[in-house]
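Read through the structure below, which is laid out as structure tokens, and then see the notes.
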Amino acid sequence: MLNLLKLIFGGFSKKKSTKSIIDSKLGKLTNEYSEKDNYYSWDFELKIKKGKKIAFSLDGNLNGPFNDVLQKAYQMVDFVEDLFSEVQMELDTKFAEKKINLANDYALEDVFIYKNEETGSVDFELEFYTEGSEIMISVEFVNDKIEKIEFY
């Protein structure tokens, strides 16, 4: 009976381990994983002006982020402010009726950089939140171009 319970409920209790690496540009990257994971996400935070933090999540394996994903993270850290402008222009063009002002009303809180298994390209998603997280804007970039904008 005990083995049956372990079989039924064993999948729910995954012991997590944490692995960290230090990157010379990004600082400390952390991965929380279990033995059964096939997907590994390396996380770090970037502080921008006014003390705001952006959480980054990078696709990788147990040894660290994939090299091309890491290179994209370096690029994004250097040009994160340019992404605000690009997204604002797209919002102004496609959703002018919503009168969205990213700089005043939203904060970029999450960035997900991942390797697209179908194309091999490194793509990313940005998530902007209003104060109190009432509204979220998700912006997906494919091949460095805005592919999709969704509102939640």
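The values are calculated or read from the model by the stated rules, or taken from the named source; none is laboratory data. Bear in mind that the values here come from a model prediction, so they are computed numbers and not experimental data. In this analysis, Cβ positions are derived from the backbone assuming ideal geometry, glycine residues included, and neighbour counts consider all displayed protein chains.
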Legend entry - Cβ pairs under 6 Å, 6+ apart, first in the range 130-152 and within 16 Å of residue 111 (Cβ to Cβ), second among the polar types (S, T, N, Q) and assigned to a strand (DSSP E or B): 150/138
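Out of all the residues in the range 113-128, is one or more aromatic (Phe, Trp, Tyr) and closer than 17 Å to residue 42 by Cα? Walk me through how you get there before you give the answer.
Filtering the range 113-128 for residues aromatic (Phe, Trp, Tyr) gives 114, 124, 128.
Retained after the next criterion (residues that are closer than 17 Å to residue 42 by Cα): 114, 124.
Within the range 113-128, one or more residues are aromatic (Phe, Trp, Tyr) and closer than 17 Å to residue 42 by Cα.
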Legend entry - Qualifying residue in the range 94-106 (condition: at negative phi, in contact (Cβ under 8 Å) with a residue 40 or more places away in the chain and crowded, with 16+ Cβ neighbours inside 10 Å): no
Inset, instruction - Scan the range 62-72 and give yes if some residue there is in a strand (DSSP E or B), at pLDDT 95 or above and surrounded by 14 or more Cβ atoms within 10 Å (Cβ to Cβ), otherwise no. - result: yes
Inset, instruction - Starting from the range 56-74, take each residue that is under 13 Å from residue 40 (Cα atoms) and list its partners that are assigned to a loop (DSSP other than H, G, I, E, B) and modelled with pLDDT of 95 or more, counting only C-beta distances under 7 angstrom and pairs at least six apart or across chains. - result: 59/66; 60/66
Inset, instruction - Restrict the check to the range 109-126 and report whether at least one residue is surrounded by fewer than 16 Cβ atoms within 10 Å (Cβ to Cβ) and either β-branched (Val, Ile, Thr) or over 30 Å from residue 16 (Cα atoms) (or both). - result: yes
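Of all the residues that make up the range 78-104, how many are outside any helix (DSSP H, G or I) and under 20 Å from the mean Cα position of the chain (by Cα)?
Residues flagged as outside any helix (DSSP H, G or I) and under 20 Å from the mean Cα position of the chain (by Cα) within the range 78-104 amount to 0.
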Legend entry - Count of the range 73-90 residues which are at pLDDT 95 or above and either of a type in the set (Phe, Trp, Tyr) or in contact with a Phe, Trp or Tyr (Cβ under 7 Å, 6 or more places away or on another chain) (or both): 2
Legend entry - residue 140 vs. criteria surrounded by fewer than 11 Cβ atoms within 10 Å (Cβ to Cβ), out of contact with any helix residue (DSSP H, G or I) (no Cβ under 9 Å at 6 or more places or on another chain), charged (D, E, K, R) and on the phi < 0 side of the Ramachandran plot: no
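Can you say whether residue 38 is polar (S, T, N, Q), under 14 Å from the mean Cα position of the chain (by Cα) and outside any helix (DSSP H, G or I), as far as the supplied structure shows? Give the derivation first.
Values: polar (S, T, N, Q): yes; under 14 Å from the mean Cα position of the chain (by Cα): no; outside any helix (DSSP H, G or I): yes.
No: the conditions fail for residue 38.
Residue check: is residue 152 crowded, with 16+ Cβ neighbours inside 10 Å and not hydrophobic (A, V, I, L, M, F, W, C)? Let's see the steps before the verdict.
Details: crowded, with 16+ Cβ neighbours inside 10 Å: no; not hydrophobic (A, V, I, L, M, F, W, C): yes.
So residue 152 fails the test.
What residue, among those in the range 51-61 that are touching a strand residue (DSSP E or B) at 6+ places or on another chain (Cβ under 9 Å) and either of a type in the set (A, V, I, L, M) or not in a strand (DSSP E or B) (or both), is nearest to residue 113 (Cα to Cα)? If you could, list the steps in order and put the result at the bottom.
Start the filter on the range 51-61 by keeping residues that are touching a strand residue (DSSP E or B) at 6+ places or on another chain (Cβ under 9 Å), which leaves 52-61.
Then keep just the ones that are either of a type in the set (A, V, I, L, M) or not in a strand (DSSP E or B) (or both); that gives 52, 54-55, 58.
Details: 52: 20, 54: 13, 55: 11, 58: 5 Å.
Top of the filtered list is 58.
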